[in-house]
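The values are calculated or read from the model by the stated rules, or taken from the named source; none is laboratory data. Keep in mind that what you see is a predicted model, and the values were worked out from it rather than measured. Reconstructed Cβ throughout: ideal geometry from the backbone, glycine too, with neighbour counts over all protein chains shown. Areas reflect the complete protein model, heavy atoms only, side chains present, ligands, DNA and RNA absent. Shrake-Rupley method; radii C 1.70, N 1.55, O 1.52, S 1.80 Å.
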2 protein chains.
Amino acid sequence: MHTQTITAPATTVLNAPRAPVPSSADQFSIIASCSGIIATEFTYGKDEEIYGEGEPSEYVYQVIQGAVRTYKLLSDGRRQIGAFHLAGDVFGLDPGTSHRLTAEAISDTTVRLVKRRSLEAAAGSNVRVAHNLWTMTAGDLRHAEDHMLLLGRKTAMEKVATFLLEMDRRLAKAGMMALPMCRRDIGDYLGITLETVSRALSQLNDQGVLVFSSARQIVLRNRQRLADMDA
Amino acid sequence: MHTQTITAPATTVLNAPRAPVPSSADQFSIIASCSGIIATEFTYGKDEEIYGEGEPSEYVYQVIQGAVRTYKLLSDGRRQIGAFHLAGDVFGLDPGTSHRLTAEAISDTTVRLVKRRSLEAAAGSNVRVAHNLWTMTAGDLRHAEDHMLLLGRKTAMEKVATFLLEMDRRLAKAGMMALPMCRRDIGDYLGITLETVSRALSQLNDQGVLVFSSARQIVLRNRQRLADMDA
DNA sequence: CGAATCATTGATGAAAATCAACCCCGGTGG
DNA sequence: CCACCGGGGTTGATTTTCATCAATGATTCG
């Protein structure tokens, strides 16, 4: 870890995995429990770096609580966020020796982490584990392929519509979405500026497609309209 | 295969793989030979579809000769090309039951193909094979991550500079690059229009960074300048 | 309460898309 | 052999979208 300033890690052997939510997360739980792998929990503060682009990839992570952004930078600071990782999501699984993106906590975030070395060892003896690792990487690839289409060919409004539907699907509770990230993060994810994000959201609000409780608390009123927009 | 109008397939058992060029290709050769897997060759004509988005993924392919584009479409026809596949490259390896992009031959193209089912079977018994499949998918993911940065955050000129360096690396022979794809394909790969591609290339030509033999035959004169541009 | 951060909104500008014309070159057929 | 045809490529004029610059408003948090 890079800055131990936040919270003391608590090491535990996983035996009764707390199943969070989605299917890709369960794969990780299966791997972790099946193999008697040692998992550790750790908490990062808001905006704290979890790992940097190019660093040796020593651990694989699962978000327990909070949210993480992974991104690349150009030399002048322009940033492209490749993905947001929410509760249950696995990240940092870069086959190869080093991380290809930087990971940062968006808000205070607790992760479970396992040594990549032990995962690879498990994969060497257990075909199920190997297959799950492959499947998880393939899931990341699918997302990246969809996101290339968005970045390269969708308009600003279509990008925002797609984003809202994605977040609605992934983190809506009781019809309400509590976005963990700021407008700049959203813009850097969608390849537009924060002002353009704000204008698109305001316009959707004016049209009655969504309602704000606060800037980051959103209720979708017309998912079909959004789906139509997203082309 | 979808249209058999072109060339009769020739089925052969692979024993002495003709090692084409790069490392990712060799992994495929290793898999194919290691496992006594049956490979078939097939040739597609220019612009012929190899498989369509959403179709069941029955085969995995390796380009023997020619070039392939894989892409996604929006409902109104806007297209995002995710990758170009050149001699030696493997494509169509989508874990899951269906292809997530459409694949088309850019020029007359010969591919080697193996049944995905037999690959998966081999992966189930041979850890090396399983690891190679994972590594190949991870290679696609790395490319997609780099390309998201390009699509979301680079300027038109930076995109073209990056493209030229990529193609130079992948297909230059004797300092000369023979591009198999048209300006529209390049634009749809970079998320810009064919006119913008043309203007950027003309400007680079004016600056002496490159020289055209013909529209698709390019010699790079100053790779450092290009690398600087690509930020 | 006040400072800082985040978000919204408006005015202006710049990059790239679009629309349009023309050119170049290879292939075909008179 | 050469004219013509058509697709691909280039270049120019104009429009559009989104970025940038700037000011103000809302929340959160010491």
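For the stretch A:188-215, filtered to residues that are under 22 Å from A:Ala103 (Cα atoms) and without any contact (Cβ under 8 Å) to a residue 40 or more places away in the chain, the residue that is farthest from DNA strand C (Cβ to nearest atom) is A:Ile192. For B:Gly152, the conditions (1) within 30 Å of B:Ile218 (Cβ to Cβ); (2) under 19 Å from the mean Cα position of the chain (by Cα) are fulfilled apart from (2).
The residues in the stretch A:127-148 that are out of contact with any Leu (no Cβ under 7 Å at 6 or more places or on another chain) and under 17 Å from A:Tyr189 (Cβ atoms) can be counted, and the count is 4.
Please specify each residue of the stretch B:124-134 satisfying the condition of being within 13 Å of B:Phe28 (Cα to Cα) and either more than 24 Å from the chain's Cα centre (by Cα) or more than 9 Å from chain A (Cβ to nearest Cβ) (or both). Of everything in the stretch B:124-134, those that are within 13 Å of B:Phe28 (Cα to Cα) and either more than 24 Å from the chain's Cα centre (by Cα) or more than 9 Å from chain A (Cβ to nearest Cβ) (or both) turn out to be B:Arg128, B:Val129, B:Asn132.
Take B:Ala8 and tell me if it is at pLDDT below 75 and out of contact with any strand residue (DSSP E or B) (no Cβ under 6 Å at 6 or more places or on another chain).
Values: at pLDDT below 75: yes; out of contact with any strand residue (DSSP E or B) (no Cβ under 6 Å at 6 or more places or on another chain): yes.
In short, yes.
Report whether or not A:His99 is open to solvent by 20 Å² or more (accessible area, probe 1.4 Å) and either more than 8 Å from chain B (Cβ to nearest Cβ) or at pLDDT below 95 (or both).
Judged against the criteria, A:His99 is not a match.
Among the residues of the stretch A:163-187, those that are within 13 Å of DNA strand C (Cβ to nearest atom) and either open to solvent by 20 Å² or more (accessible area, probe 1.4 Å) or not assigned by TED's automatic domain parsing to the domain that holds A:Gln217 (or both) comprise A:Ala178, A:Pro180, A:Cys182, A:Arg183, A:Arg184.
Can we say B:Val209 is in contact with a Lys or Arg (Cβ under 8 Å, 6 or more places away or on another chain) and more than 11 Å from DNA strand D (Cβ to nearest atom)?
Details: in contact with a Lys or Arg (Cβ under 8 Å, 6 or more places away or on another chain): yes; more than 11 Å from DNA strand D (Cβ to nearest atom): yes.
Against the criterion (in contact with a Lys or Arg (Cβ under 8 Å, 6 or more places away or on another chain) and more than 11 Å from DNA strand D (Cβ to nearest atom)), B:Val209 qualifies.
Could you please find all residues in the stretch B:188-219 being in a strand (DSSP E or B), surrounded by fewer than 15 Cβ atoms within 10 Å (Cβ to Cβ) and either of a type in the set (Gly, Ala, Ser) or within 24 Å of the chain's Cα centre (by Cα) (or both)? Result: B:Phe212, B:Ser213, B:Ser214, B:Gln217, B:Val219. Taken as a whole, the structure leaves A:Arg183 outside the set of residues that are more than 14 Å from chain B (Cβ to nearest Cβ), over 14 Å from A:Phe84 (Cα atoms) and within 16 Å of DNA strand D (Cβ to nearest atom).
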